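Notes to accompany the following structure.
The values are calculated or read from the model by the stated rules, or taken from the named source; none is laboratory data. Source: prediction; values computed, not measured. Here the Cβ positions follow ideal geometry from the backbone for every residue, glycine too, while neighbour counts run over all protein chains shown. Accessible surface areas use protein heavy atoms only, side chains included; no ligands, DNA or RNA. Shrake-Rupley method; radii C 1.70, N 1.55, O 1.52, S 1.80 Å.
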Amino acid sequence: MNYHTYSRKTSFSFSYIMLALVIVFLFIPLFVVVFFSFNSTRGMRWEGASLIWYEQLIFNSPSLWTAFKNSLIIALSSSITATAIGSLAAVGIKWYRFRGRSYITTVSYLPMVLPEVIIGISMLIFFSAVRIRLGMFTIFVAHTTFNLPFVFMMVSARLDEFDYSTVEAARDLGANERQTLTKVIIPSIIPAVLSGFLMCITMSLEDFVITFFVSGPGSGTLPLYVYSMIRYGVSPVINALSFVMILGTMVIAFTFRKFLKTVAASS
Amino acid sequence: MKKFLKPHEREHILGTVYGWPMGLWFTLFFTVPLGIIILYSFLKRGLYGGVEWEFSLTAYRQMFNPSFGKVVLRTLWISILSTFICIFLAIPCGYAMAKSKHQTFLLFLIIIPFWTNSLIRVYAWISILSTEGFINNLLIRMGIINQGLKLIYNNGAVVLVLIYMYLPFAILPLFTTIDKFDFSLLDAAHDLGATKLEAIVKVMFPNIRSGLSTAFIFTFIPIFGAYAVPLLVGGKDSTMIGNIIVDQVSKTRNWPLASAFSMVLTLISLVGVFWMLYNGKREQHLQKKTTQQTLEHNIKSHHTHRGKA
């Protein structure tokens, strides 16, 4: 018996130590960046506390704010489109048999698993083949495309738990198709739709690689702006921006906290 | 007046109305672009970018150029090494998280860095590793070195940052499957005389196969197609396939070659995905198998029996 408790204890602590180390590893870079955002000089050498880089970020970075505005427009428009189309498709594919059903299901998983470079390059080549000018519209299309699978998957997962007899009951009680949709189906899948939507927003704000390919002059998003700044070297304004973005991520993750397990299961 | 429809016709129309908007979207913006890539990889390159409409296998032949071969080999070892380190780190993490009482909090801790903008995370590593960066400054201040070490712009930095970026992709699916795993099986294995490690390898691993393969695929595929990380923290000798593709499109303007490399990436990813799906199905199948169930049942009853005694 002694041997049992002993061996259980060691491996228990082994996995916990590993987890603790990994969490430290994941957070160290973030802490370093946030810490130096309060530095009074440019370098990575602590010279005293100041808020000068936050001042720069807020009052002296107009192009950053344009990029942020672009990011917001793209994130909202693509997430709304993806959520609407993706949720509808999840309903259709779960409950109805129709031509092309298996094609749509298969093709909806692929953008999620192919490397981002492939999605970006194929879209770039496609847009230039059909002569669509790169800009906000092409970014919108690309973001909707990579967001759709996530909405589709999350809503489908919710529908798996949904009791179809409630739909039949509504029909028996005289509801037409539109009423069934708005009064029965939508209210019961709304949590999944909302978490899909939030997921889209985060992914859209986050994306760099695909946007990099399909953006044109003047349509840069926030990640593209950060990229162009990184290429010029370390700038404390990015440190300040990082802190703001990490805070934003924490707020989103916190509002999401009830869905975190679903997110973990689907990513 | 409403037209009377037979049930299957109604179903067909509704399904089409609900499902095909997404179907059309993916056809137009995913299937067709991918088709164009496949087509282009078999065409001749145009003089100033683009393609000439003439069948050719030149692009595939060019891929065997030794300078590209080197990049392909490098991409392979970098991705395999980083993927295995990720999974090696992720298994105990997923295990500890699944056993913990504070799952939501731990998930929160894993997800925050994961959701933080990827470029910000790469930037953080640049500011830590660079010659004027955090580590070098610290070491110089402490008097351990007097000249900055070269920690960045090499393959080591690429592997380190890739592990950092994709570790959560390995932790999350492993956590999800280990969380569903019946831990009493481990106790049963114990009671039957297995050591902790034996129990984990022989009893837990076969039961979390689908999680392991998902973790492997979701780490390996994005690393294999990595573009930004080797570009930003890698040196001249750290380019990966993703970088070749982009260079061929934007600089060299050899679209067929870029398409051919994209095809290779796509095929490898698809093989991985089907392997993952196969493992998932196999696990479901195994769970249905009666022998497996009786075995589990036996082990469990043995355990409860001993527990009572």
Review point. Label points 7 Å out from Cα along the Cβ direction at residue B:53 and residue B:9: separation in nm?
Key: 4.2 nm
Revision key, fill the gap. The longest stretch of chain A containing none of the trypsin sites (Lys or Arg not before Pro) that sit in a DSSP loop with at most 16 other Cβ atoms within 10 Å is A:134-267
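Calculate, for residue A:232 and residue A:173, the FRET efficiency according to 1/(1 + (r/R0)^6) with r their C-beta to C-beta distance and R0 51 Å; round to the nearest 0.05.
Values: r = 65 Å, r/R0 = 1.28.
Efficiency for this residue pair is about 0.20.
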Point to revise | Most mobile of A:189, A:58, A:17 in a GNM of chain A (Cα contacts under 10 Å) | key: A:17
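If I take every Cα pair under 8 Å that is 6 or more residues apart in chain A, average their sequence separation and divide by the length, what percent do I get for the relative contact order?
Details: 244 pairs, mean separation 79.4, N = 267.
Here the relative contact order equals 30 percent.
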Practice item. Could you tell me whether the range B:69-305 comes out rounded, prolate or oblate from its Cα gyration tensor? Rule is a ≥ b ≥ c as square roots of the eigenvalues, rounded for a/c under 1.5, then prolate if a/b exceeds b/c, otherwise oblate. Key: oblate
**Study point:** Simple label model, 7 Å out from Cα along Cβ direction - residue A:109 to residue A:251, nm
**Key:** 3.7 nm
Practice item. Taking the Cβ of residue B:255 as the centre, find all other residues whose Cβ is under 14 Å away and add up their charges (Lys, Arg: +1; Asp, Glu: -1). Key: +1
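Compute the longest continuous run of chain A that contains no exposed chymotrypsin sites (Phe, Trp or Tyr not before Pro); treat a site as exposed when its DSSP state is not H, G, I, E or B and it has at most 11 other Cβ atoms within 10 Å.
Counting at most 11 other Cβ atoms within 10 Å as exposed, the longest clean stretch of chain A is A:1-163.
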Review point. Using alpha-carbon pairs under 8 Å, 6+ residues apart, how would you state the relative contact order of the range B:69-305 in percent?
Key: 25 percent
Review point. What is the range B:199-270's relative contact order, in percent, from Cα pairs under 8 angstrom and six or more apart in sequence?
Key: 21 percent
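For the protein assembly as shown, with only Lys/Arg (+1) and Asp/Glu (-1) charged at the beta-carbon, what is the dipole magnitude about the Cα centre, in debye rounded to 20? Intermediate values should be presented prior to the final figure.
Numbers: 47 positive and 25 negative charges, 119 e Å.
Magnitude of the dipole: close to 580 debye.
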Exercise for review: Using only Cα atoms, locate the centre of the range B:43-72 and the centre of the range A:8-84, then give the distance between them in Å, rounded to an integer.
Suggested key: 41 Å
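With charges only on Cβ, +1 for K and R and -1 for D and E, what is the dipole size of chain B about its Cα centre, in debye, rounded to 20?
On the way: 28 positive and 14 negative charges, 80 e Å.
I would put it at about 380 debye.
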Exercise for review: For the range B:261-277, just list the computed ³J(HN,Hα) in residue order, Karplus coefficients 6.51, -1.76 and 1.60, θ = phi - 60°, integers in Hz, with x standing in for Gly and Pro.
Suggested key: 5, 4, 4, 4, 4, 4, 4, 4, 4, 5, 4, x, 5, 5, 4, 5, 4
Check your understanding: Once amide H atoms are placed 1.01 Å from N in the peptide plane, what residues at a sequence separation of 5 or more from residue B:43, or on another chain, have their amide H within under 5 Å of its amide H?
Key -> B:56
Study note, to complete from the structure: For residue B:150, the aspartates and glutamates lying under 12 Å Cα to Cα, once residues fewer than eight places off in the same chain are dropped, come out as B:132
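With +1 on the Cβ of every Lys and Arg and -1 on the Cβ of every Asp and Glu, and nothing else charged, how large is the dipole of chain A about its Cα centre, in debye rounded to the nearest 20?
On the way: 19 positive and 11 negative charges, 45 e Å.
With only Lys, Arg, Asp and Glu charged at Cβ, the dipole is about 220 debye.
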Practice item. Grab the other residues whose beta carbon is less than 14 angstrom from that of residue B:43, score K and R as +1, D and E as -1, and report the net. Key: +2
Point to revise | Virtual paramagnetic centre 7 Å along Cα→Cβ of residue B:132, amide N under 12 Å, in the range A:36-63 | key: A:41-45
Check your understanding: In the Gaussian network model of chain A, springs joining C-alpha atoms below 10 Å, which of A:174, A:248, A:120 carries the largest mean-square fluctuation?
Key -> A:174
Practice item. Any chance you could check the Cα centroid distance between the range A:85-99 and the range A:198-238 for me, in angstrom? Key: 34 Å
Practice item. Answer rounded, prolate or oblate for chain A, using the Cα gyration tensor with square roots of eigenvalues a ≥ b ≥ c: rounded when a/c is under 1.5, else prolate when a/b is larger than b/c, else oblate. Key: oblate
Point to revise | Span from the the range B:211-275 Cα centroid across to the the range B:121-163 one, whole angstrom | key: 26 Å
Review point. So if R0 is 41 Å, what FRET efficiency would residue A:182 and residue B:270 give, r being the distance between their Cβ atoms, rounded to the nearest 0.05?
Key: 0.55
Point to revise | Karplus (6.51, -1.76, 1.60) ³J(HN,Hα), θ = phi - 60°, over the range B:79-88, in Hz, Gly and Pro reported as x | key: 5, 5, 4, 5, 4, 5, 4, 4, 5, 4
Revision key, fill the gap. In Å², rounded to a whole number, the accessible area per residue of the protein assembly as shown with probe 1.4 Å is 48 Å²
Study note, to complete from the structure: If amide H atoms are modeled at 1.01 Å from N in the peptide plane, then the residues at a separation of 5 or more from residue B:51, or on another chain, having amide H under 5 Å from its own are B:46
